[in-house]
Amino acid sequence: MRYYAILRLLLGGFFLYIAWPAIPEAITQEAILFWGLWLGFLLLVIGSNLASLLQITDPPVMEQDRELLQERA
């Protein structure tokens with residue numbers, strides 16, 4: 001389902017929009033580590049959803065149509 005991938009991309013963009021002002025204010029080592037890990041996870045989410053949207057990979061099993069799964073078997 002392309003709609004789920006688009007929805008997750010929009011949600012990731014919204015979270016980045018909300019978090020962006022707080023990222024440059026990170027002073028302590030823990031805050032820098034947190035925001036670095038958060039941005040890394042966001043990149044993984046965006047990359048996986050783009051791959052699903054561009055049909056580079058198969059969508060998750062829950063999102064695959066049953067007819068397509070029966071044809072492959």
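The values are calculated or read from the model by the stated rules, or taken from the named source; none is laboratory data. As the structure is a computational prediction, the values presented were derived from the model and not from experiment. Ideal geometry is used to build each Cβ from the backbone, glycine not excepted, and the neighbour counts take in all protein chains shown. The accessibility values were calculated without ligands, DNA or RNA, using every heavy atom of the protein model including side chains. Shrake-Rupley method; radii C 1.70, N 1.55, O 1.52, S 1.80 Å.
At-a-glance table
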| read-out | value |
| --- | --- |
| Residue-by-residue Karplus 3J(HN,Hα) for the stretch 7-12, coefficients 6.51, -1.76, 1.60, Hz, glycine and proline x | 4, 5, 5, 5, 5, x |
| Nitroxide proxy distance, nm - points 7 Å out along Cα→Cβ at residue 34 and residue 54 | 3.3 |
| Residue-level accessible surface for residue 30, protein heavy atoms, 1.4 Å, Å² | 130 |
| 5 angstrom amide H check on residue 64, placed H, neighbours 5+ away | none |
| Portion, in percent, of the accessible area of the stretch 3-49 that falls on carbon or sulfur, probe 1.4 Å | 79 |
